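No value in this document is a laboratory result; all are computed from the given coordinates. For clarity, every value in this text was computed on a predicted model and none was experimentally measured. Using ideal geometry, Cβ is built from the backbone for each residue, glycine included, and neighbour counts are taken over all protein chains shown.
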Amino acid sequence: MKSLTWNQVNAWRLAQHGLMPRLKREAFVEVASRLYGIHAQVMSAAELALGARTDGLTPQDVQTALWQDRSLVKTWAMRGTLHLLAADDLSLHTAARTIDPLGWINFESYGISQKQHEAFLEAVPEILSDEPMTREQLATAVVERIGVPVLGELIASVGWGSPLKPSAFRGDLCFGPNQGKNVTFVNPKKWLRKWEPVEPETAFQEIARRYLRAYGPLTPKHFARWWNEGRVNVAKRVFQQIEDELETVDVEGWRALALRSTIEPMQEAGVSGVVRLLPLFDAYVLDIGRTGEPILPKQYWKQVFHQQGWTTAVVLVDGIIKGVWDYKTAGAQTAVKVELFDPPTKHIQKGIEAEAARLEAFLNTAVVLEYGPIR
């Protein structure tokens, strides 16, 4: 069994995430593909996550990729939460989802029969096109097509996405550009530039490989939580299918699986003094930070992970979560407040100042940095 240090593993993960070194501006769609999704429950946080990994990126670049270039796509993905995926990865994702489907909502509890549910699923891709439809327009069209007024009520409910998630998982629906305050939906097979069908087992195995490249070494349990908040048996099965590519490694007494092809690069990796500010819901925090020690000491868990899935922005030093931060913009000024778990060294302070300067350029505002408790 090969041995690794946490410093080596952290350096590898930082490099895979585009956090050390950062990537060029034009590589931000590649970042979304490398990480296999950017959490987008809060759109500004998704933009910051891409900006943290690429030099010179602007929020407008992300919007252009979504709504003009269509190289990114916004949809419900892992764990039923909103993500930005590389558009070329969406057919891969929907193929893999057939291996482990998410029902997400019990339609029968709303008086909708299985037959009516199936008719609804079949109707959505026929109704949607590459012309964006608001939630209300989609609800009206569904009722006109198949009846069942309660379906229209569910779809049209403000903030109620659950009835539409199964269609997203099937690749029949994704988000279009907002119309004012109204979200819109399109048919991704018509909206995106290309759609290449993938065999489901092949797709799921490729996603498992990408997960291990970006977040490994980890275990099937970690993969199950990332993919679907549980269902370890499904994760174990896909890991077994690629077991010839995997090897158990020892990381200072902690054992997990790594792609064999990544072990030597990990052994050659190292990091020293890299400071990064990561935004709310960042993939590094959600999918590596939740593994616990030593990435996030137990006594600070509640300062990062809160009720209802809220995940705080963090200060990362050499891949270890060393504090939290927040920002508020008012007019042309942004106040950035940092709360570190331990007194900072001068090097860490300089690193935070450099990150605040990058944030200033990204947000196009003057940044005022201060230290203190975040409430």
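Stokes-Einstein diffusion for the stretch 145-230 at 37 °C, viscosity 0.692 mPa s, with a Kirkwood radius from C-alpha pairs, works out to 205 µm²/s. Net charge in the neighbourhood of Ala46 (other residues with Cβ under 13 Å of its Cβ; Lys, Arg +1, Asp, Glu -1) is -1. Per-residue ellipticity at 222 nm, computed for the chain from helices alone with -39500 (n - 2.57) per DSSP H run of at least four residues, works out to -12000 deg cm²/dmol.
With N as its number of residues, the chain has a Cα radius of gyration that, divided by 2.2 N^0.38 Å, comes to 1.02.
Local charge for Trp6 was computed over the other residues whose Cβ lies under 12 Å away, with Lys and Arg +1 and Asp and Glu -1, and equals -3. For the chain, the residue among Leu154, Gly230, Ile112 whose Cα projects farthest onto the positive side of the dipole built from Cβ charges is Gly230. Relative to one another, the C-alpha centroids of the stretch 187-201 and the stretch 17-48 are positioned 22 Å apart. Taking the stretch 252-280 and a reference point 7 angstrom along Cα→Cβ of Gln349, the backbone N atoms nearer than 19 Å belong to 273-277.
At Glu293 and Gln179, where each label point lies 7 Å from the Cα along Cα→Cβ, what is the point-to-point distance in nanometres? Calculated label separation equals 5.5 nm.
The per residue volume of the convex hull around the alpha-carbon atoms of the stretch 275-371 is 96 Å³. Here each label is just a point 7 Å from Cα along the line to Cβ, and for Thr329 and Gln267 those points are 4.7 nm apart. The stretch 93-124 and the stretch 274-294 have Cα centres lying 33 Å from one another. Using alpha carbons only, how many angstrom separate the centre of the stretch 320-352 from the centre of the stretch 212-233? Between the Cα centres of the stretch 320-352 and the stretch 212-233 lies a distance of 30 Å.
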